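Below is one structure, written out as structure tokens, with a few remarks after it.
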Amino acid sequence: MVIRIRKRALLSALQGARETHPREFIALFDGEENNGETMLTDLVIPPLAQSTGRSASYVPWFLPATSTGLASFHSHPSASNKPSRGDLLHFGKTQRWHFIARYPYRVEDVAAYDSQGEKAGFEIV
Ligand SMILES: [Zn+2]
């Protein structure tokens, strides 16, 4: 399985993380899945997202109906991009892939995980 993400989508997410700091930023990535390959193309910012310094949530039914939401993205205002216990619970019930960016939200601060919380590799295209 290969995950590719458009640079523009990832940079937009990181920009959102910077602007929301020191609160968490949460969003989704839309894309396509083909023969086990995931291509993430667009950032989707959920309406009514709420966040604090420790968690972020959204109300899924406010998402656009066309959104495939293949992957989630959220930021950690800390120096860790590892999933928290709450993240792991959420990962298992929602999207297939999950991105976490830690402060200071550079491309190299991003890690991707599968729904079990196992680290996944990704390519920026
Ligand atoms: Zn988290």
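The values are calculated or read from the model by the stated rules, or taken from the named source; none is laboratory data. Worth saying up front: this structure is predicted, and the values here are computed from it rather than measured. Neighbour counts are summed over all protein chains in view; Cβ atoms, including those assigned to glycine, are modelled from backbone coordinates with ideal geometry. Note: accessible area is taken over every heavy atom of the protein model, side chains too, but ligands, DNA and RNA are not part of it. Shrake-Rupley method; radii C 1.70, N 1.55, O 1.52, S 1.80 Å.
Which one is surrounded by the most Cβ atoms within 10 Å (Cβ to Cβ) among residues in the stretch 76-125 that are without any contact (Cβ under 8 Å) to a residue 24 or more places away in the chain, more than 10 Å from the ligand (Cβ to nearest atom) and part of a helix (DSSP H, G or I)?
Result: Leu89.
What number of residues in the stretch 62-75 are within 9 Å of the ligand (Cβ to nearest atom) and at pLDDT below 90?
Taking the stretch 62-75 as the starting set, the residues that turn out to be within 9 Å of the ligand (Cβ to nearest atom) are 74-75.
If we keep only those that are at pLDDT below 90 too, we end up with none.
Final tally of qualifying residues: 0.
Thr20 passes all but one of (1) surrounded by 14 or more Cβ atoms within 10 Å (Cβ to Cβ); (2) at pLDDT 95 or above; (3) on the phi < 0 side of the Ramachandran plot; which number fails?
Looking at each condition in turn, Thr20 falls short on (2).
Filter the stretch 69-105 for residues that are charged (D, E, K, R), within 14 Å of the chain's Cα centre (by Cα) and more than 18 Å from Arg4 (Cβ to Cβ) and give the result. Walk me through how you get there before you give the answer.
First, pick out the residues of the stretch 69-105 that are charged (D, E, K, R): 82, 85, 87, 93, 96, 102.
Next cut, within 14 Å of the chain's Cα centre (by Cα) only: 82, 87, 96, 102.
Once the filter is applied, which keeps residues that are charged (D, E, K, R), within 14 Å of the chain's Cα centre (by Cα) and more than 18 Å from Arg4 (Cβ to Cβ), the stretch 69-105 yields Lys82, Asp87, Arg102.
Those residues that are open to solvent by less than 80 Å² (accessible area, probe 1.4 Å), outside any strand (DSSP E or B) and within 16 Å of the ligand (Cβ to nearest atom), I need them from the stretch 23-40; list them, please.
Scanning the stretch 23-40 gives Glu24, Phe25.
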